[in-house]
Each structure stands twice: as C-alpha cells, then as structure tokens.
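Comments concern the structure below.
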Amino acid sequence: MATIENRLEEMLKSPVEALGHTLWGLEYVQAGKHSVLRVYIDNEKGIFIEDCAETSRQVSAVLDVEDPISTEYTLEVSSPGVDRPLFNAEQYAAYIGETVKIQLTMPVAGSRNLKGTVTAIEGQMLTLTVDGNELIIALDNIRKGNLIAKF
C-alpha cells in the first residue's frame with residue numbers, strides 16, 4: 001500500500017520537473033490543523049526564492065485539483081539546503097564518504113539516533129561507519145536522514 005508521501009511524490013514529480021527542477025523529496029507531517037507538506041526542490045544552478053514561489057504556485061494548483069490531503073495543511077517549498085535531507089538510495093550513494101545523521105524507527109546497535117560516515121549502499125541497505133564500527137541499516141528503517149554540512 002502506497003503511503004501518502006509516495007502518492008504525493010508521484011503526483012508532484014512531473015509538475016516540478018516541468019519547471020526545470022528536480023523533486024528532491026517531500027515530508028508530510030500530520031499534526032491536526034498544523035499539518036505541513038514540505039516539498040524540497042533542487043537544481044544544478046541552485047534554487048532561488050523565485051523558484052520556490054513558482055513551484056509553490058504550480059504544486060498548489062495540482063494539489064487543489066487532485067485534493068490528496070483532506071485536512072488543512074501548510075505547504076512549504078524550499079531547497080534541500082546544506083544539511084539536506086536524504087530520502088532514497090541514490091541520494092545516499094551520492095554522498096559516500098560524507099557524514100550523515102539518521103533517526104531510525106527501530107534501534108540498531110542499541111540506538112535510534114546515529115551519526116556516521118556513509119561507507120556503501122547496496123540495494124536498499126546502507127553501510128554506515130559509526131565510531132569505527134560498520135553498521136548495516138535498511139533504508140526502510142530510516143525515519144529521517146540528513147547530510148552534516150562541512151564548513
């Protein structure tokens with residue numbers, strides 16, 4: 001069964017790409033009248049405020065027609081930023097050798113919060129080096145993952 005995020009991603013991918021951007025990912029956080037739909041867009045040339053505004057208008061139009069969310073929510077469109085969230089295997093693979101912070105649904109090595117270096121990605125399995133130990137984590141077990149920015 002597809003999650004609301006999967007349905008939204010399928011619905012919004014084409015309109016975002018038609019504007020010349022990549023749909024990096026999205027998050028739908030349900031909290032009653034304070035629910036939020038965050039849409040992250042990316043582009044090789046960078047994302048500017050005008051890009052977010054234009055994408056917001058396009059996405060809003062699609063959501064108004066399709067009406068996939070029956071409750072009130074706030075739409076936010078932004079760049080993934082320097083501490084970009086990571087949503088899929090391809091994104092983790094692009095950051096092999098980089099440090100990430102992940103939150104898990106089920107503990108691995110006794111913890112739900114891990115910070116380590118992405119060592120490898122094979123299929124839907126992530127290898128993360130944490131304090132010198134390699135941990136293999138199913139991507140389905142990752143609730144949230146973010147790149148740790150280097151300055």
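Counting only strands (runs of 3 or more DSSP E) that sit completely within region 79-151, those holding 2 or more residues that are touching a Pro at 6+ places or on another chain (Cβ under 9 Å) correspond to 142-147. For region 30-44, which residues satisfy the criterion of being of a type in the set (Gly, Ala, Ser), loosely packed, with under 14 Cβ neighbours inside 10 Å and either touching a residue at least 12 places away in the same chain (Cβ under 8 Å) or touching a Lys or Arg at 6+ places or on another chain (Cβ under 6 Å) (or both)? Hit for region 30-44 is Gly32, nothing else.
Quick check: is even one residue across region 19-27 within 20 Å of Asp83 (Cβ to Cβ), among the β-branched types (Val, Ile, Thr) and open to solvent by 20 Å² or more (accessible area, probe 1.4 Å)? So far as region 19-27 goes, yes, one or more of its residues are within 20 Å of Asp83 (Cβ to Cβ), among the β-branched types (Val, Ile, Thr) and open to solvent by 20 Å² or more (accessible area, probe 1.4 Å). Of Ala93, Ala109, all but one fail to be without any contact (Cβ under 8 Å) to a residue 60 or more places away in the chain, in contact with a strand residue (DSSP E or B) (Cβ under 9 Å, 6 or more places away or on another chain), open to solvent by 60 Å² or more (accessible area, probe 1.4 Å) and farther than 21 Å from Thr3 by Cα; the exception is Ala109.
The values are calculated or read from the model by the stated rules, or taken from the named source; none is laboratory data. Bear in mind that the values here come from a model prediction, so they are computed numbers and not experimental data. Backbone-built Cβ (ideal geometry, glycine too); neighbour counts: all protein chains shown. Each accessible area value is taken on the protein alone, full model and side chains, heavy atoms only, with ligands, DNA and RNA left out. Shrake-Rupley method; radii C 1.70, N 1.55, O 1.52, S 1.80 Å.
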